[in-house]
Amino acid sequence: MDDYSSVELENLAKSLGADIFGVGDISSTLDFICEQGGEHLRKFSRGISIGIRLLDSIIDELYRRNEASVFYTYRALYNTVNSKLDQITFTLAKYIQNKGYQAYPVPASQIIDQNKLIGVVSHKLIANLAGLGWIGKNCLLITPQCGPRIRLATILTNMPLDSSKPIENRCGDCNLCVQICPVKAFTGVPFNPREPREKRFNAHLCHKYQREREAKMGDTLCGLCVYICPYGKRQSKL
Ligand code: SF4
Ligand code: SF4
């Protein structure tokens, strides 16, 4: 059977507010995906990744993240974008279902295992397979256009959509995210799909730091590893 063109879905996603869209072939990573999210995901062969770019005017201020006016604004942005992503994935999933295929929207921000600190699937993995970017030393998806200044959501489907190939890692010698993290959560080891996340990132250190911030200041988001990445930073127009 020929692959379906993904153009209609991309146009729909972008008309609803998505900035980036891609489709990855997930067949070769299904064991990993099912181990994390459950055996019911094995029927899917494609992962659709969508992303919405965050606002530079807010991300550029995150070096002042301990000030209430900054972290509350970042929190509002984060929540707004996550909610918009979930609305878009729901609409795309309905579109796919109406074409006679199955579609499984994965929420933009949800932890299903508090010990492992993981979601149903890794949005970054799907976005990487869909050719939207690489996994940086900060363990975030880094897109050529907006770096890590993006939020992601995923739809798994059995619709045989045409798919893209992953792009190469472009972190090079940069180590800025490793250096800036206040709890030294990153090891600086480049992404390798055959190695566990723990080799690169101690998610519990970040999580604990965010909880401590919450107890102290009433909110949790840090975001320095998003702020510092040179990819996505725009030159000042002043
Ligand atoms: S959000 Fe902050 S604490 Fe967490 S990994 Fe990034 S820089 Fe480190
Ligand atoms: S700050 Fe540097 S090392 Fe970290 S993800 Fe961005 S490019 Fe890669």
Based on what the data block shows, is residue 190 within 11 Å of ligand 2 (Cβ to nearest atom), over 16 Å from the mean Cα position of the chain (by Cα), more than 23 Å from residue 21 (Cα to Cα) and touching a residue at least 24 places away in the same chain (Cβ under 8 Å)? yes
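Can you tell me which residue is nearest to residue 234 (Cα to Cα) among those in the range 162-183 that are in contact with a helix residue (DSSP H, G or I) (Cβ under 7 Å, 6 or more places away or on another chain) and surrounded by 15 or more Cβ atoms within 10 Å (Cβ to Cβ)? If you could, list the steps in order and put the result at the bottom.
Here is the first cut: in the range 162-183, the residues in contact with a helix residue (DSSP H, G or I) (Cβ under 7 Å, 6 or more places away or on another chain) are 166, 177, 180-183.
Now drop any that are not surrounded by 15 or more Cβ atoms within 10 Å (Cβ to Cβ), which leaves 166, 177, 180-181, 183.
Working: 166: 25, 177: 17, 180: 19, 181: 21, 183: 27 Å.
Across the range 162-183, the extreme among qualifying residues is 177.
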Residues (under 13 Å from the mean Cα position of the chain (by Cα), surrounded by 17 or more Cβ atoms within 10 Å (Cβ to Cβ) and of a type in the set (Gly, Ala, Ser)) located in the range 94-130: 108, 119, 122, 127, 130
Quick check, is residue 188 at pLDDT 90 or above, out of contact with any helix residue (DSSP H, G or I) (no Cβ under 7 Å at 6 or more places or on another chain), away from ligand 1 (no atom under 12 Å from the Cβ) and outside any helix (DSSP H, G or I)? no
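Residue-wise test of (1) more than 10 Å from ligand 2 (Cβ to nearest atom); (2) polar (S, T, N, Q); (3) in a loop (DSSP other than H, G, I, E, B); (4) at negative phi.
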{"site": "166", "(1), (2), (3), (4)": "yes, no, yes, yes"}
{"site": "169", "(1), (2), (3), (4)": "no, yes, yes, yes"}
{"site": "173", "(1), (2), (3), (4)": "no, no, yes, yes"}
{"site": "177", "(1), (2), (3), (4)": "no, no, no, yes"}
{"site": "195", "(1), (2), (3), (4)": "yes, no, yes, yes"}
{"site": "207", "(1), (2), (3), (4)": "yes, no, no, yes"}
{"site": "210", "(1), (2), (3), (4)": "yes, yes, no, yes"}
{"site": "234", "(1), (2), (3), (4)": "yes, no, yes, yes"}
Keeping to the range 212-223, report how many residues are within 16 Å of ligand 2 (Cβ to nearest atom) and without any contact (Cβ under 8 Å) to a residue 24 or more places away in the chain. 0
Are there any strands (runs of 3 or more DSSP E) wholly within the range 46-162 with 1 or more residues that are within 16 Å of ligand 1 (Cβ to nearest atom) and hydrophobic (A, V, I, L, M, F, W, C), and if so which? 150-157
Tell me whether the range 167-174 contains one or more residues that are in contact (Cβ under 8 Å) with a residue 24 or more places away in the chain and farther than 18 Å from residue 225 by Cβ. yes
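The values are calculated or read from the model by the stated rules, or taken from the named source; none is laboratory data. Just so it is clear, the model here is predicted, and its values are computed rather than measured. Cβ atoms come from the backbone with ideal geometry, glycine included; neighbour counts cover every protein chain shown.
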